[in-house]
1. Would you be so kind as to identify which of 14, 83, 51 lies farthest towards the positive end of the dipole of the chain, taking Lys and Arg as +1 and Asp and Glu as -1 on Cβ and the Cα centre as origin?
2. Putting +1 on Lys and Arg Cβ atoms and -1 on Asp and Glu Cβ atoms, find which of 92, 113, 125 reaches farthest to the positive end of the dipole of the range 82-130.
3. What does the charge add up to near residue 4, with Lys and Arg as +1, Asp and Glu as -1, over the other residues with Cβ less than 14 Å from its Cβ?
4. Filter the cross-link list 67/121; 21/67; 21/62; 79/121 down to pairs whose alpha-carbon distance in this structure exceeds 19 Å.
5. Counting Lys and Arg as +1 and Asp and Glu as -1, each charge on the Cβ, what is the dipole of the chain about the Cα centre in debye, to the nearest 20?
6. Which residue fluctuates the most in the chain, going by a Gaussian network model with Cα springs under 10 Å, if the choices are 59, 103, 46?
7. Rounded to the nearest 500 deg cm²/dmol, what is the calculated helix-only ellipticity per residue at 222 nm for the chain, with -39500 (n - 2.57) per DSSP H run of length n ≥ 4?
8. Nearest 20 debye, what's the magnitude of the dipole of the range 42-116 about its Cα centre given +1 on Lys and Arg Cβ and -1 on Asp and Glu Cβ?
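Values in this text are rule-based calculations from the coordinates and carry no lab data. For clarity, every value in this text was computed on a predicted model and none was experimentally measured. Note that each Cβ is placed from the backbone with ideal geometry, even for glycine, and that neighbours are counted across all protein chains shown.
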Amino acid sequence: MLPTLRWYTKGIEIRYGLRVKLISRGLKGKLDQSFETTIYRILQEALTNVVRHAQANLAVVKGTFRKRGLDLLISDDGKGMDLGQIRQGTGLTGIHERAHLFAGKMTLESQVGEGTTLRIKFQTITEAST
Ligand SMILES: Nc1ncnc2c1ncn2[C@@H]1O[C@H](COP(=O)(O)OP(=O)(O)OP(=O)(O)O)[C@@H](O)[C@H]1O
Ligand SMILES: [Mg+2]
């Protein structure tokens with residue numbers, strides 16, 4: 001999955017001039033294909049939002065794999081938002097629903113002028129059965 005992600009984020013850097021820092025800790029072995037796809041789609045939606053809305057210079061994508069779970073973080077140093085004012089579109093709704101399929105919990109932290117951090121916490125991760 002990491003090579004695919006690197007390729008994807010490199011493309012964003014080139015096309016949009018947004019720096020994307022990719023950090024992965026503790027990933028051992030292979031993940032289940034459908035879980036991998038879920039993570040990929042979540043990152044796509046989140047980074048699309050950063051490109052479209054944040055006016056950020058830097059996005060950080062961090063995956064911390066634990067014995068059982070995975071913490072996923074996507075943060076940016078952009079303009080942030082007033083969480084009470086935004087209209088949730090298909091992006092955030094989709095992220096929430098995809099996370100939910102794997103019992104992941106999504107939280108969004110942001111303040112105007114303070115950037116945005118999206119966290120998804122998976123309590124268990126699905127590993128490939130082969
Ligand atoms: N990284 C971000 N920085 C600043 N604002 C954001 C960020 N991500 C989301 N937003 C705000 O949250 C709103 C909802 O995001 P969401 O992805 O759900 O919908 P959208 O991007 O507007 O449309 P779409 O349905 O195409 O995804 C956005 O319109 C934007 O105002
Ligand atoms: Mg969106």
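1. 14
2. Comparing the listed Cα positions along the dipole, 125 ranks first.
3. Working: positive: 6, 10, 30, 41; negative: 36.
Counting the neighbours of residue 4, the net charge comes to +3.
4. Details: 67/121 13 Å; 21/67 24 Å; 21/62 8 Å; 79/121 24 Å.
Flagged as over cut-off: 21/67; 79/121.
5. Values: 20 positive and 12 negative charges, 80 e Å.
Here the chain has a charge dipole of around 380 debye.
6. Most flexible of the set in this elastic network: 103.
7. Numbers: 3 runs with 44 residues, N = 130.
Rounded to the nearest 500, the figure is -11000 deg cm²/dmol.
8. Working: 9 positive and 8 negative charges, 73 e Å.
Here the range 42-116 has a charge dipole of around 360 debye.
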